[in-house]
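> Here it is: the structure, laid out below.
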Amino acid sequence: MNPLESQLAYPFGEALPERGATIEVAPGVHWLRMGLPFQLDHINLWLLRDEIEEDGVVRQGWTLVDSGIDDPATRAAWENIFATVLGGLPVLRVIVTHMHPDHIGCAHWLCERWNVRLWISATDFNVARLASSASAGFGGPLSAAFMARHGLAADPAAVGHAGFGHAPEHMALHDAGHGVLISGDMVLPRISTNVSVVDVEPEADSLTLYLDSIERMRAIPDDVLVLPSHGRPFKGLHRRIDQLQEHHDARFVDVLEALAAKGPQSAFELVPVIFRRPLDLHQMTFAMGESIAHMHALWFRGTLARRLGDDGVYRFALAA
Ligand SMILES: [Zn+2]
């Protein structure tokens, strides 16, 4: 455990859900894990014991939060969970925190499998549709109107917390009554959330959006049990927010020092200042997005100036 992690508390210790099984982390809140074919090799998913009222009839069942990547192994793991964990009750709805493939991948299959609706922020729904060449993905009877986040307010104790910077409009789910926060990718215990500027929104200030979003999460009590998408459930939300802010502040200082020493630099030239380890091509894509996000945050604050060189490359320098 690294020194920063040791400042957080892990109420379940080293325990991890076994393949095809769950751990109940709060009353009615069950933790399961699915594999991912990436360096980040797992995602945490959540089963919520739930009820839903339709036409005056209350139905008992389960809400799924996030879906895993869409591959045969994940579908098989879901079938295994359905057979052993649900106690004969149906899935009532599928909630997706945001549009990244490890979260939304299997959602269309789950919604068809149970004939239920998908709940997602309207922004991420639309961006996911734009990003997908298949128009059939979530169509038909699964009404887009119900996918919007306002529906989550139907249960006064459970509200969606919109966060920005990592995905277009990421939803974290906070249940004040039980002191539980499903944080998605907004707050992770060990790794810092990827915050990138990408080509579809080239002038974005993603990192400021992200830092503002996690600052707003301080409104959630510090003793909340945080259920992240990667890593283990933990306590210490406010300390973790401190750590993430300190992490990015330290990178800002590194960038300013490098620019003071070397003069104008491109985001690519500053990647080694922000990431001090060798990167493969896949990691370089993320690293470039993160490097640009750091430059943009300082540029939007007026600390840096940006100039387009004769070679067609943007370079950032300390503002006069
Ligand atoms: Zn994500």
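Please treat every number below as a calculation from the coordinates, not as lab data. Nothing here was measured: the structure is a model prediction, and the numbers come from that model. In this analysis, Cβ positions are derived from the backbone assuming ideal geometry, glycine residues included, and neighbour counts consider all displayed protein chains.
> Per residue of the chain, what 222 nm ellipticity follows from adding -39500 (n - 2.57) for every DSSP H run with n ≥ 4, rounded to the nearest 500? Numbers along the way, then the final one.
Details: 8 runs with 100 residues, N = 320.
Calculated mean residue ellipticity at 222 nm is -10000 deg cm²/dmol.
> Which order do Asp280, Asp254, Asp124 fall in if you start with the one that has the fewest other Cβ atoms within 10 Å?
Numbers: Asp280 8, Asp254 15, Asp124 25.
Going from least to most buried by this count: Asp280, Asp254, Asp124.
> Further, regarding this structure: Based only on other Cβ atoms within 10 Å, what is the fewest-to-most ordering of Val180, Val94, Val116?
Listed from fewest to most nearby Cβ atoms, that is Val116, Val180, Val94.
> Can you grab the distance from the C-alpha centre of region 54-68 to the C-alpha centre of region 271-299, Å, no decimals?
The distance from the Cα centre of region 54-68 to that of region 271-299 comes to 41 Å.
> Determine the shape class of region 38-132: with a ≥ b ≥ c the square roots of the Cα gyration tensor eigenvalues, call it rounded for a/c under 1.5, and otherwise prolate if a/b is greater than b/c, oblate otherwise.
Taking the square roots of the gyration eigenvalues as a ≥ b ≥ c, region 38-132 is oblate.
> For region 1-94, run through the GluC sites (Glu not before Pro) and keep only the ones in DSSP coil with at most 14 other Cβ atoms within 10 Å of their Cβ. Display every interim value, and only then the final one.
Values: sites: Glu5, Glu14, Glu18, Glu24, Glu51, Glu53, Glu54, Glu79; in loops: Glu14, Glu18.
Here the sparse-neighbourhood loop sites are Glu14, Glu18.
> Residues with beta-carbon under 13 Å from that of Gly179, excluding Gly179: net charge, scoring Lys, Arg +1 and Asp, Glu -1?
Net of charged neighbours comes to -2.
> Further, regarding this structure: Which one of Val273, Gly236, Ala258 has its Cα pushed farthest toward the positive end of the charge dipole of region 215-320, where Lys and Arg give +1 and Asp and Glu give -1 at the Cβ?
Gly236
> Which value, in debye to the nearest 20, gives the size of the charge dipole of the chain about its Cα centre, when Lys and Arg are +1 and Asp and Glu are -1 at the Cβ?
It works out to roughly 220 debye.
> When averaged across all projection directions, what area in nm² does the alpha-carbon convex hull of region 26-80 cover?
Quarter of the Cα hull surface area: 4.8 nm².
> Taking chymotrypsin sites (Phe, Trp or Tyr not before Pro) as exposed when DSSP calls them loop (any state but H, G, I, E, B) and at most 15 other Cβ atoms lie within 10 Å, what is the longest stretch of the chain free of them, the sites themselves excluded?
Numbers: sites that count: Phe12, Phe38.
The answer is 39-320.
> Next up: Between Asp199, Asp249, Asp50, which gets the highest mean-square fluctuation from a Gaussian network model of the chain, Cα cutoff 10 Å?
Asp199
> For the chain, what D do you get in µm² per second when you plug the Kirkwood radius from alpha-carbon pairs into Stokes-Einstein at 20 °C and 1.002 mPa s?
103
> Net charge near His42, counting Lys/Arg +1 and Asp/Glu -1 over other residues with Cβ under 15 Å of its Cβ?
-3
> Another one. How much of the DSSP beta bridge set in the chain is antiparallel, as a percent to the nearest 5? Could you put the intermediate results ahead of the total?
Numbers: 36 of 46 bridges.
The antiparallel fraction comes to roughly 80 percent.
> Test of understanding: in a Gaussian network model of the chain with alpha carbons linked when under 10 Å, which of Ala167, Ala219, Ala287 would top the mean-square fluctuation ranking?
Fluctuation is largest for Ala219.
> Mean-square fluctuation check for the chain, GNM, Cα pairs under 10 Å: which of Val200, Val65, Val127 is largest?
Highest fluctuation among the options: Val200.
> Moving on. Taking DSSP loops as anything outside H, G, I, E and B, show the longest stretch in the chain free of trypsin sites (Lys or Arg not before Pro) there with at most 15 other beta carbons within 10 Å.
Result for the longest clean stretch: 20-189.
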